[in-house]
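Colleague: Take this structure, written in structure tokens, and hold onto it; I'll ask about it next.
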Amino acid sequence: MVLYYSASGNTEYIAKLIAKALDDECLDLQPRIKNKDYTKVYSEKPFVICAPVYVCEMPRFVSDYIKRLPFRGSRKVCYVFTSGGYAGMAGLLAETMTRRKNMISMGYAELTMPSNHIVSNAYPETSPEECRRRIAEATVGAGKIASAIKHGRRLKARHVMLWERLVIPPSNSFWVKFMMPSKDFYATEKCIGCGKCSRVCPVNNITMSDKRPVWNAPCAHCMACISNCPLEAIEYADITQHKEKYHIRKYI
Ligand SMILES: Cc1cc2nc3c(=O)[nH]c(=O)nc-3n(C[C@H](O)[C@H](O)[C@H](O)COP(=O)(O)O)c2cc1C
């Protein structure tokens, strides 16, 4: 069974490719995470968990969910991460979580995709040409990953250096605590109050008031609201106005 969370479509695209190649089912975790639905998952084939990378780790709301989710059937799990180019400790921490769940880790793989993190100027925007190139390369990569899983091979992991192990966990905690305010999100006059932003928010951070979205804390900065707004009516501070609101559907 392939399980995934995706805010702007990259991970969903990869998860569906892998599920198709493995002739396996594909489960979107978004509604389960949103509704705190911890109904057990059952699969005789190995579990493949696909997730984006947030600040060098698996998104906290995804790992917190996986930690509590009962897995039945196969004891084998592997992970596939999509990132903008640097996955940091995501795989290593996921493997630790797997061992704690008394399951067998079959490794992890990382695919570079277009970056959806447009609310910070710290990450450079991915140009349309580069988006196409990365998606094409990741498509090939997903095929290779599926073939390895099919043949029972452990996914080959990148070696994580000592400095990464020392620097990433405190940096991630700092970033999550202080660098993800939700107060700077706002809807422009293009907003028609359809409420899609509220529905796609995995952490139930967005409420609708007088047909306008209101961002509350805690926000995961996942980009689901900005990426999925049908009218591109959501902006962040003075950072996103001239940036493309990335969603993979614009490229595939
Ligand atoms: C809050 C946040 C943090 C991110 N941090 C990283 C990062 O540390 N390294 C990186 O390469 N990409 C990072 N990204 C980019 C995403 O991992 C990447 O675009 C991913 O493919 C998005 O997947 P999705 O379209 O399935 O949501 C970040 C994106 C977000 C929203």
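The values are calculated or read from the model by the stated rules, or taken from the named source; none is laboratory data. Keep in mind that what you see is a predicted model, and the values were worked out from it rather than measured. Virtual Cβ from ideal backbone geometry, glycine too; neighbours counted across all protein chains shown. For accessibility, only protein heavy atoms count, side chains too; no ligands or nucleic acids. Shrake-Rupley method; radii C 1.70, N 1.55, O 1.52, S 1.80 Å.
Colleague: Inside the range 7-23, can you point out the residues that are buried (at least 20 other Cβ atoms within 10 Å of the Cβ) and not aliphatic (A, V, I, L, M)? It would help to see each step written out before you state the result.
Modeller: Initially, the range 7-23 is screened for residues buried (at least 20 other Cβ atoms within 10 Å of the Cβ), giving 7-15, 17-19.
Listed by number, the residues that qualify are S8, G9, N10, T11, E12, Y13.
Colleague: May I ask you to list the residues in the range 67-87 that are open to solvent by 40 Å² or more (accessible area, probe 1.4 Å) and either aliphatic (A, V, I, L, M) or more than 23 Å from A136 (Cβ to Cβ) (or both)?
Modeller: K67, R68, R72, G73, R75, K76
Colleague: Another one. Where in the range 138-233 are the helices (runs of 4 or more DSSP H), entirely inside, with at least 1 residues that are without any contact (Cβ under 8 Å) to a residue 12 or more places away in the chain and open to solvent by 30 Å² or more (accessible area, probe 1.4 Å)? Before you say what the answer is, go through the steps one by one.
Modeller: Working: elements: 162-178, 196-200, 224-228.
The helices (runs of 4 or more DSSP H) meeting that bar are 162-178, 196-200.
Colleague: I need the full set of residues from the range 171-188 which are at pLDDT 95 or above and either aliphatic (A, V, I, L, M) or under 14 Å from Y54 (Cα atoms) (or both), in order please.
Modeller: Within the range 171-188, just A187 meets the criteria.
Colleague: Among the residues of the range 88-106, what is the count of those that are open to solvent by less than 50 Å² (accessible area, probe 1.4 Å) and part of a strand (DSSP E or B)?
Modeller: Taking the range 88-106 first, the residues open to solvent by less than 50 Å² (accessible area, probe 1.4 Å) are 88-92, 94-98, 103, 105-106.
Those left that are additionally part of a strand (DSSP E or B): 105-106.
Selection size over the range 88-106: 2.
Colleague: Restricting to the range 38-84, give me the number of residues that are more than 8 Å from the ligand (Cβ to nearest atom), of a type outside the set (A, V, I, L, M, F, W, C) and in a loop (DSSP other than H, G, I, E, B).
Modeller: Here the count works out to 9.
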